[in-house]
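Visitor: My questions all concern the structure below.
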Amino acid sequence: MTGRPFIQTPAAWLAALTLISASDVEALQPDSGKDPFDKTIRVADHLEPAIPRPAQQKAANAKLAALKEKTGQSPNILIFLVDDMGWGDVGVYGGGVAVGAPTPNIDGLAREGLRLTSFYAQSLCTPSRAALMTGRLPARSGLTRPLLTGENPTVNPWAAEETTAKLLGDAGYHTALVGKWHLGEMDGTHPHQVGYDEYLGILSVASEMTQAVDVRLYPDLLNKPERVEALRKLVLPEVTAGKKGQPLEVVKEIKSTEDMARLDQSFADYSDDFIRRTVKRKQPFYLIHSFSRLHNDNYPAPGYAGKSPAAFPYKDGVVEVDDIVGRLMDTVRETGQLENTFVFFASDNGANEDSWPDSGHQPWRGGKGTTWEGGVRVPGIAYWPGMIPAGRDSDGLFDIMDLFCTSLAIAGETDRISSKRYIDGIDQSGFLLANDGQSARQTVFFYSETTLTAVRWLEYKIHLRIFQTAGRRNIDESTLLTTGTAPWVYNLYMDPKERQSTGHRYFEWGLPRVVGFVKSHEATFVEFPMKDLGLKVPR
Ligand code: CA
């Protein structure tokens with residue numbers, strides 16, 4: 001008798017039916033333990049499971065050891081963080097000249113370094129910055145949404161958090177936050193009180209300053225003296241500074257749109273000086289250069305009005321940001337630190353379409369405030385001549401939180417990470433430094449405040465909840481909806497704009513996997529719960 005043998009076991013039956021091997025099917029049996037699609041290993045209760053890649057980690061560690069041997073010093077870390085820059089604002093991401101604002105310096109970092117095409121931030125300013133600095137999901141640190149005018153949490157979020165700057169400072173680094181903070185304005189929450197040796201910048205955000213000075217944009221506020229008086233009791237528009245252990249100082253009151261226009265040049269001056277001073281002290285530096293731009297409202301700096309081909313203030317701002325990147329990279333070069341400095345360039349969230357035309361561009365669906373790709377998928381470029389192979393592109397997953405663990409790994413200081421807090425970030429030093437290194441991250445979880453809304457896994461984006469928006473109104477007219485029978489699923493290689501969900505139709509095989517990843521993720525909140533800072537908005 002020819003043909004298929006009589007099938008006796010359910011596993012063999014399933015194998016014959018789906019043309020996959022019997023061994024794969026064995027692994028799929030409910031009692032066989034781990035899901036065969038799950039490539040991660042959890043090494044400790046407080047650490048996010050990662051994909052083990054021992055060979056590339058060994059290569060990265062060898063590179064780091066050789067560099068330290070050569071320089072006799074830990075490497076510097078310089079993070080450029082732009083506010084609200086869209087993926088499509090940057091030349092190497094399809095923007096630049098094509099959208100009327102060339103970015104040759106940022107493009108240069110990518111061309112001589114690693115351009116990440118699946119780099120994810122949080123969807124809003126405060127949570128994204130909190131994630132970057134703590135390595136933790138905002139839901140865990142409690143910094144789940146932007147702090148608005150005069151608003152203070154009921155609990156100091158930093159009382160139980162540790163920043164990368166604090167841990168690297170303990171390890172002998174000289175650290176600074178220059179520019180926008182937006183992680184607390186009350187005493188005890190300032191950058192120089194939570195780990196940074198030096199701070200100069202604005203404690204809040206550009207729009208909070210401009211609403212106090214631009215009567216054309218805010219006539220209903222500024223044309224009424226009693227409102228102005230009340231506003232000034234809540235918050236003063238000013239540039240402040242502080243050094244560890246010393247009080248906050250007011251450097252300059254912001255009185256006009258001209259003062260606003262000059263902010264980023266003054267931040268660049270400070271970072272330039274900080275790098276030169278720290279190098280002279282023969283100390284490694286950790287610097288977050290946190291632009292006030294390109295958050296609304298943009299006013300061109302002196303010499304920048306109409307400098308971009310587009311000639312809009314936002315685009316002139318893009319050109320200025322790019323110039324400042326070039327200027328500070330020159331400083332790193334001039335001080336002889338180019339080969340001993342890990343540089344990372346990122347935006348803190350997608351372009352804010354609500355403030356268009358004072359906003360940027362992205363080719364994705366949605367924008368800032370949503371967990372559609374437009375809110376969270378942003379430029380992410382790693383640059384380190386001699387350490388990161390030039391001209392690489394990678395679509396490996398990288399979360400902004402990973403910069404916490406990765407920075408500590410680059411400094412050789414991961415032992416300083418406490419086991420008291422759950423760390424959602426992953427050490428990606430092997431991914432960045434090894435030739436052809438691959439991401440150690442399997443999934444990215446997206447939140448709206450404390451609600452899990454979506455998951456990225458492989459090339460798939462799975463939405464458990466949906467942001468329904470009205471045109472460009474991603475923040476001011478959005479609704480968060482629960483999905484129906486099936487989660488909404490997009491294959492981002494086939495449908496990068498997330499236009500037609502194919503969840504149940506083509507992803508039946510994947511949905512149970514994602515449900516499993518979400519359940520494991522949610523289980524971590526039992527031992528490491530969400531923190532409530534009193535920021536929840538009544539709904
Ligand atoms: Ca932002």
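The values are calculated or read from the model by the stated rules, or taken from the named source; none is laboratory data. Predicted model only: the values in this text are computed from it and were never measured. Heads up, the Cβs are rebuilt from the backbone with ideal geometry, glycines too, and the neighbour counts pull from every protein chain shown.
Visitor: Can you tell me which residue within the range 96-124, out of those that are within 24 Å of residue 342 (Cα to Cα), aliphatic (A, V, I, L, M) and over 15 Å from the mean Cα position of the chain (by Cα), is farthest from the ligand (Cβ to nearest atom)?
Guide: So the residue we want is 114.
Visitor: Test each condition in (1) assigned to a loop (DSSP other than H, G, I, E, B); (2) away from the ligand (no atom under 16 Å from the Cβ); (3) surrounded by 23 or more Cβ atoms within 10 Å (Cβ to Cβ) for residue 215 and report the one that comes out false.
Guide: (3)
Visitor: Just to verify a result, which residue in the range 218-258, among those that are in contact with a Phe, Trp or Tyr (Cβ under 9 Å, 6 or more places away or on another chain) and assigned to a helix (DSSP H, G or I), is surrounded by the most Cβ atoms within 10 Å (Cβ to Cβ)?
Guide: 257
Visitor: Using the structure shown, decide if residue 358 is touching a Pro at 6+ places or on another chain (Cβ under 8 Å), acidic (Asp, Glu) and farther than 19 Å from residue 179 by Cα.
Guide: Numbers: touching a Pro at 6+ places or on another chain (Cβ under 8 Å): yes; acidic (Asp, Glu): yes; farther than 19 Å from residue 179 by Cα: yes.
Taking the combined requirement at face value, the residue satisfies it.
Visitor: Does residue 88 satisfy the condition of being touching a Gly at 6+ places or on another chain (Cβ under 9 Å) and among the small types (Gly, Ala, Ser)?
Guide: yes
Visitor: Do you know which residues across the range 321-347 are under 21 Å from the mean Cα position of the chain (by Cα) and charged (D, E, K, R)?
Guide: Within the range 321-347, 322 is the sole residue that qualifies.
Visitor: Quick one: count up the residues across the range 266-311 that are in a loop (DSSP other than H, G, I, E, B), at negative phi and among the small types (Gly, Ala, Ser).
Guide: 5
Visitor: Quick one: is residue 200 within 20 Å of residue 264 (Cα to Cα), outside any helix (DSSP H, G or I) and either within 16 Å of the ligand (Cβ to nearest atom) or touching a residue at least 60 places away in the same chain (Cβ under 8 Å) (or both)?
Guide: Yes: the conditions hold for residue 200.
Results for (1) at pLDDT 95 or above; (2) closer than 30 Å to residue 452 by Cα; (3) not β-branched (Val, Ile, Thr), shown as yes or no for each residue.
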position	(1), (2), (3)
309	yes, no, yes
320	yes, no, yes
326	yes, no, yes
329	yes, no, yes
332	yes, no, no
338	yes, no, yes
358	yes, yes, yes
363	yes, yes, yes
372	yes, yes, yes
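Visitor: Could you check the range 165-190 and list, in sequence order, the residues that are within 16 Å of the ligand (Cβ to nearest atom) and either closer than 14 Å to residue 270 by Cα or in contact with a Gly (Cβ under 9 Å, 6 or more places away or on another chain) (or both)?
Guide: Within the range 165-190, 177, 179, 180, 181 meet the criteria.
Visitor: For the range 267-310, what are the residues that are away from the ligand (no atom under 16 Å from the Cβ), β-branched (Val, Ile, Thr) and surrounded by 23 or more Cβ atoms within 10 Å (Cβ to Cβ)? Outline the logic, then answer.
Guide: Here is the first cut: in the range 267-310, the residues away from the ligand (no atom under 16 Å from the Cβ) are 268-287, 299-310.
Right, trim to β-branched (Val, Ile, Thr) and you get 275, 278-279.
Result: 275, 278.
Visitor: Same structure again: Can you tell me which condition residue 271 does not meet? The list is (1) within 30 Å of residue 63 (Cβ to Cβ); (2) without any contact (Cβ under 8 Å) to a residue 24 or more places away in the chain, and all the others hold.
Guide: Unmet condition: (2).
Visitor: Additional query: Which one of these does residue 339 not meet: (1) surrounded by fewer than 22 Cβ atoms within 10 Å (Cβ to Cβ); (2) touching a helix residue (DSSP H, G or I) at 6+ places or on another chain (Cβ under 7 Å)?
Guide: (2) is the only condition that residue 339 fails.
Visitor: In addition: Return the residues of the range 56-92 that are within 16 Å of the ligand (Cβ to nearest atom), among the hydrophobic types (A, V, I, L, M, F, W, C) and assigned to a helix (DSSP H, G or I); say none if nothing qualifies.
Guide: 87
Visitor: If you check residue 319 against the conditions, is it in contact (Cβ under 8 Å) with a residue 12 or more places away in the chain, closer than 22 Å to residue 99 by Cα and not in a loop (DSSP other than H, G, I, E, B)?
Guide: yes
Table: residues versus (1) of a type in the set (Lys, Arg); (2) buried (at least 24 other Cβ atoms within 10 Å of the Cβ); (3) more than 16 Å from the ligand (Cβ to nearest atom); (4) in contact (Cβ under 8 Å) with a residue 40 or more places away in the chain.
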{"position": "327", "(1), (2), (3), (4)": "yes, no, yes, yes"}
{"position": "365", "(1), (2), (3), (4)": "yes, no, yes, yes"}
{"position": "375", "(1), (2), (3), (4)": "no, yes, no, yes"}
{"position": "387", "(1), (2), (3), (4)": "no, no, yes, yes"}
{"position": "395", "(1), (2), (3), (4)": "no, no, yes, yes"}
{"position": "410", "(1), (2), (3), (4)": "no, yes, yes, yes"}
{"position": "417", "(1), (2), (3), (4)": "no, no, yes, yes"}
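Visitor: If you scan the range 125-164, which residues turn out to be under 23 Å from residue 379 (Cβ atoms), among the hydrophobic types (A, V, I, L, M, F, W, C) and within 16 Å of the ligand (Cβ to nearest atom)?
Guide: Hits for the range 125-164 are 125, 130, 131, 132, 133, 143.
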